[in-house]
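Asks: For reference, the structure I am asking about is given below.
The values are calculated or read from the model by the stated rules, or taken from the named source; none is laboratory data. Please read all numbers here as calculations on a predicted model, not as lab measurements. Positions of Cβ are generated from backbone atoms using ideal geometry, with glycine treated the same way; all protein chains shown enter the neighbour counts. These area figures cover heavy atoms from the full protein model, side chains too; ligands, DNA and RNA do not enter into them. Shrake-Rupley method; radii C 1.70, N 1.55, O 1.52, S 1.80 Å.
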2 protein chains.
Amino acid sequence: MIAVLPQLKINQDRLEHSIAELAEIGKLPNGGVCRPAFSDKDVQARQLVKTWMQEAGMSVRSDAVGNIIGTYAGTKTETAALATGSHIDTVPVGGRFDGCLGVLAGIEVARVLQETQTRLRHPFEVIVFSDEENSVLGCKAIAGNAPTDPERYRRKEGTSIQECLQNVGGDWENLHTAKRDRSEIAAFIELHVEQGGVLEANNKQIGVVTGIVGQYRYMVQIVGRPNHAGTTPMNMRKDALVAASQLVLAINRLGVETIGDQVATVGHLIVSPNGTNVVPSLVNLSIDLRDLSEENLQYLITEIEKEAAAIAVNTGTEISFDQKLHVLPTLAKPELMATITDVCKNLNLSYEYLPSRAGHDAQEMGRFTDMAMIFVPSLNGISHSEEEYTSPEQCAQGAEVLLQTILAIDKNY
Amino acid sequence: MIAVLPQLKINQDRLEHSIAELAEIGKLPNGGVCRPAFSDKDVQARQLVKTWMQEAGMSVRSDAVGNIIGTYAGTKTETAALATGSHIDTVPVGGRFDGCLGVLAGIEVARVLQETQTRLRHPFEVIVFSDEENSVLGCKAIAGNAPTDPERYRRKEGTSIQECLQNVGGDWENLHTAKRDRSEIAAFIELHVEQGGVLEANNKQIGVVTGIVGQYRYMVQIVGRPNHAGTTPMNMRKDALVAASQLVLAINRLGVETIGDQVATVGHLIVSPNGTNVVPSLVNLSIDLRDLSEENLQYLITEIEKEAAAIAVNTGTEISFDQKLHVLPTLAKPELMATITDVCKNLNLSYEYLPSRAGHDAQEMGRFTDMAMIFVPSLNGISHSEEEYTSPEQCAQGAEVLLQTILAIDKNY
């Protein structure tokens, strides 16, 4: 059990004001934010964050992909940094907490260190990662995993990634220079809103993230036979939608009944020719599988393919799978989880272990260094929406856990 | 058992040539026909058919909705007519047999009567019904069941029904004058291609239609809750697509397992928001139910609504039904079915009883007079397609059954 340093404490009002001020940039009518990566609003927000970092006593630089790295110097300059951070870009209609809380809580930690004239042993870094909501380029470049085809990053409206990076002081040609390693960052801890309803449903203040799930995504094609819905008797049909419905339920059943924390979703389904009086001849549907355990994900895929093969035989359809995405899970470092747990206990905050089923910058950071995440509740589990909300008190509780965790691991790392 | 008059026989070549010649009007590249009702091609085809009727010794008139009525006079002029017929309009990409076979076989019957100088007791009518493929206006007007709102009949490209009827010598304002009753038409027998695959699958030459099914159509709305497919655990979801899949399978199971000849189809299904990473919050789907038994249809609807209520509870969704269509079934007259059966036996043609699950002009005619239908096989069950095909021999067999049935009932009616 570690001791909390009672003199160091997050300033809830200051954090709340920073969140509100940042949310003015790209503000939407109902309290949300529109601030896509590399947009003018993003550039404006980056400038504000850099200023705040400097005011908190940090040296600030940005790398080839526009990641902003603020460093609060430690006493042992040669030591690898302890890092936190997240992102300030948003989806087109986003909330003010997703990403921003992690960045601004990191800056708030630096402010507390500065105002108490505290120096850690390690350098303390706050990183603002580029383009989390779209390509995840920022953290992937730091992890050395960013695909190098520039066309993958072209904006929907047509802007090239080269131009995007110029807007934020980056340089596509030097992408590789953004890569960092364990000798530079000893641990990365990200604070984020949950974006789901687990903490709220279980009435917990803090989520101790066990890892960020891996993901498989498939597109499935089911080919039946188009027939007149009037003239074709039931036993002469090859109904692609009946087959699809069986598959949807098999996937749901495996998601619900398999031992584990997996989620399995068919979110997208298109019927052809989709006429009220035509037996469906074609269904295309998506499968999205997420779990912390790659082994369990592979088991689920095997089972789903077995079910699909049986359904194809029973319905006279042809079912084929096309893999679209495979992201490996990243597990949180158990020692870091234990420290966060101890901090929660010392602060008398209720907590719960849970996986993150959404992707985060920490997922890539965890590929080369020790990673952990701290979640705070999202009202009604809502995110990527103007209705996204986490109270000032909840934000401050998350930041407090971040601060005390950094202080604690500064001794051990 | 009735005796076939061996001297009266369909001329297979003549019928085949008529089918081919009519198919030249609106001919498509791969053997199909594009001849929408009231189009220039329809007008041209009507003129050809009228000429053929006249050449076969029929007097020809047309009514207020453009139905063409050819009459081959009988010996007892005051007697109600024995009628046959069908339509010569097509869907935009149609075949050459759907509808046309019934009209041209009727004219072929008149030709045989004329060339053998045979007079029936009854007047013999061949009716070409207007707009079967779209509004079914022609037969509905004769049955006195045509809706009188002209907007219901406006063509997709904007032409009014008034203008359409002018093109074919009709007169919208006198719609009501097209109505006829049992004192004018004692029986109506329609020959048609099956448009399904039952006869072919069972290797039968003639289908003795037991009736034309009734139809219920509903739109169903299933409201769940939109959630992130990553962050929402399986047990916290209200997945509208899981509910929809259960309903699709329940409808299919009722269609397959209920004792009866019903078909039950979900042909149309739309998922919202339809994103791969969003738990579906809304599904709209269609239900199409058809059966000869109105009682069975009502049973099916009751069972489907019960299933839906249970599914709503189990999945946490709200499911609502909106009735879009209700067509009452029309049963074939048993005495006419028996006569057709006897004719098949005498002609050594294999036959099978089956319902018509597609709508036909005979459905409306059966609402005010005795009705029967004769089916001949459709290759691969295909219709409303350029691939629609029934061989010259099969067409002639159907026409032969029509001829002999008319001769037989001329004695009884």
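Asks: Can you tell me which residues in region A:236-258 are farther than 30 Å from A:Thr210 by Cβ, more than 8 Å from chain B (Cβ to nearest Cβ) and part of a loop (DSSP other than H, G, I, E, B)?
Replies: If the condition is that a residue be farther than 30 Å from A:Thr210 by Cβ, more than 8 Å from chain B (Cβ to nearest Cβ) and part of a loop (DSSP other than H, G, I, E, B), then A:Arg237, A:Lys238 are the ones that fit.
Asks: What pairs come up if the first residue lies in region B:304-317 and is closer than 21 Å to B:Gly255 by Cβ, the second is of a type in the set (S, T, N, Q) and open to solvent by less than 20 Å² (accessible area, probe 1.4 Å), and their beta carbons are under 8 Å apart, counting only those six or more places apart or on different chains?
Replies: Partner pairs satisfying both residue conditions: B:Ile311/B:Thr317.
Conditions (1) crowded, with 24+ Cβ neighbours inside 10 Å; (2) farther than 28 Å from A:Ala23 by Cβ; (3) touching a His at 6+ places or on another chain (Cβ under 8 Å), marked per residue:
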{"residue": "A:Leu349", "(1), (2), (3)": "no, no, no"}
{"residue": "A:Tyr353", "(1), (2), (3)": "no, yes, no"}
{"residue": "A:Gln363", "(1), (2), (3)": "yes, no, no"}
{"residue": "A:Ala372", "(1), (2), (3)": "yes, no, no"}
{"residue": "A:Ser391", "(1), (2), (3)": "no, no, no"}
{"residue": "A:Gly398", "(1), (2), (3)": "yes, no, no"}
{"residue": "A:Ala408", "(1), (2), (3)": "no, yes, no"}
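Asks: Right, something else. Just checking, how many residues over region B:15-65 are open to solvent by 60 Å² or more (accessible area, probe 1.4 Å) and either charged (D, E, K, R) or assigned to a loop (DSSP other than H, G, I, E, B) (or both)?
Replies: Number of matching residues: 10.
Asks: Count, please, the residues in region B:126-167 that happen to be crowded, with 21+ Cβ neighbours inside 10 Å, at negative phi, assigned to a loop (DSSP other than H, G, I, E, B) and of a type in the set (D, E, K, R).
Replies: Of the residues in region B:126-167, 1 are crowded, with 21+ Cβ neighbours inside 10 Å, at negative phi, assigned to a loop (DSSP other than H, G, I, E, B) and of a type in the set (D, E, K, R).
Asks: When region B:277-293 is examined, which residues are found to be at the interface with chain A (Cβ under 7 Å from one of its Cβ atoms) and among the polar types (S, T, N, Q)?
Replies: The answer is B:Asn277, B:Ser286.
Asks: Given the conditions (1) part of a helix (DSSP H, G or I); (2) surrounded by fewer than 20 Cβ atoms within 10 Å (Cβ to Cβ), and given that A:Leu300 satisfies all but one, which numbered condition is not satisfied?
Replies: Among (1) part of a helix (DSSP H, G or I); (2) surrounded by fewer than 20 Cβ atoms within 10 Å (Cβ to Cβ), A:Leu300 violates only (2).
Asks: Same structure again: Within region A:347-364, track down each residue that is in contact with a Ser or Thr (Cβ under 7 Å, 6 or more places away or on another chain) and not basic (Lys, Arg).
Replies: A:Tyr351, A:Tyr353, A:Leu354, A:Pro355, A:Ala358, A:Asp361, A:Gln363
Asks: Also, I was wondering about something else. Pick from region A:215-235 the residues that are within 11 Å of chain B (Cβ to nearest Cβ) and part of a strand (DSSP E or B): which of them is farthest from A:Ala362 (Cα to Cα)?
Replies: A:His228
Asks: For region A:97-113, name all the residues that are touching a strand residue (DSSP E or B) at 6+ places or on another chain (Cβ under 7 Å) and of a type in the set (D, E, K, R).
Replies: The one that is touching a strand residue (DSSP E or B) at 6+ places or on another chain (Cβ under 7 Å) and of a type in the set (D, E, K, R): A:Asp98.
Asks: Something else: Which residue is modelled with the lowest pLDDT, if the candidates are limited to region B:183-238 and must be over 30 Å from B:Leu82 (Cα atoms) and of a type in the set (A, V, I, L, M, F, W, C)?
Replies: Within region B:183-238, the match that is modelled with the lowest pLDDT is B:Ala229.
Asks: Turning to a different aspect of this structure: Give me the pairs: first residue in region A:283-302 and over 29 Å from A:Pro226 (Cα atoms) and in the same structural domain as A:Leu249 (by TED's automatic domain parsing), second residue open to solvent by 10 Å² or more (accessible area, probe 1.4 Å) and among the hydroxyl-bearing types (Ser, Thr, Tyr), beta-carbon distance under 6 Å, and six or more apart or on different chains, which are they?
Replies: A:Leu289/A:Tyr216; A:Leu297/A:Tyr216
Asks: Identify all residues within region B:259-276 that are buried (at least 21 other Cβ atoms within 10 Å of the Cβ), facing another protein chain (nearest Cβ under 7 Å) and part of a loop (DSSP other than H, G, I, E, B); write none if there are none.
Replies: B:Val266, B:Gly267, B:His268
Asks: Take the residues in region B:332-346 that are of a type outside the set (D, E, K, R) and buried (at least 17 other Cβ atoms within 10 Å of the Cβ); name whichever of them is nearest to A:His228 (Cα to Cα).
Replies: B:Ala332
Asks: Among the residues of region B:380-407, write down those that are in contact with a Pro (Cβ under 9 Å, 6 or more places away or on another chain) and among the acidic types (Asp, Glu).
Replies: Correct list: B:Glu386 only.
Asks: Among the numbered criteria (1) in contact (Cβ under 8 Å) with a residue 40 or more places away in the chain; (2) in contact with a Lys or Arg (Cβ under 9 Å, 6 or more places away or on another chain), which one does A:Gln114 miss?
Replies: Going through (1) in contact (Cβ under 8 Å) with a residue 40 or more places away in the chain; (2) in contact with a Lys or Arg (Cβ under 9 Å, 6 or more places away or on another chain) one by one, A:Gln114 breaks only (2).
Asks: Okay, next question. Filter region B:195-205 for residues that are open to solvent by 10 Å² or more (accessible area, probe 1.4 Å), on the phi < 0 side of the Ramachandran plot and within 12 Å of chain A (Cβ to nearest Cβ) and give the result.
Replies: Across region B:195-205, the qualifying residues are B:Gly197, B:Val198, B:Glu200, B:Ala201, B:Asn202.
For every residue, the table says whether it meets (1) open to solvent by less than 40 Å² (accessible area, probe 1.4 Å); (2) under 31 Å from the mean Cα position of the chain (by Cα); (3) among the hydroxyl-bearing types (Ser, Thr, Tyr).
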site: A:Gly207; (1), (2), (3): yes, yes, no
site: A:Gly211; (1), (2), (3): yes, yes, no
site: A:Gln215; (1), (2), (3): yes, yes, no
site: A:Tyr218; (1), (2), (3): yes, yes, yes
site: A:Val223; (1), (2), (3): no, no, no
site: A:Ala229; (1), (2), (3): yes, no, no
site: A:Pro233; (1), (2), (3): yes, no, no
site: A:Leu241; (1), (2), (3): yes, no, no
site: A:Gln246; (1), (2), (3): no, no, no
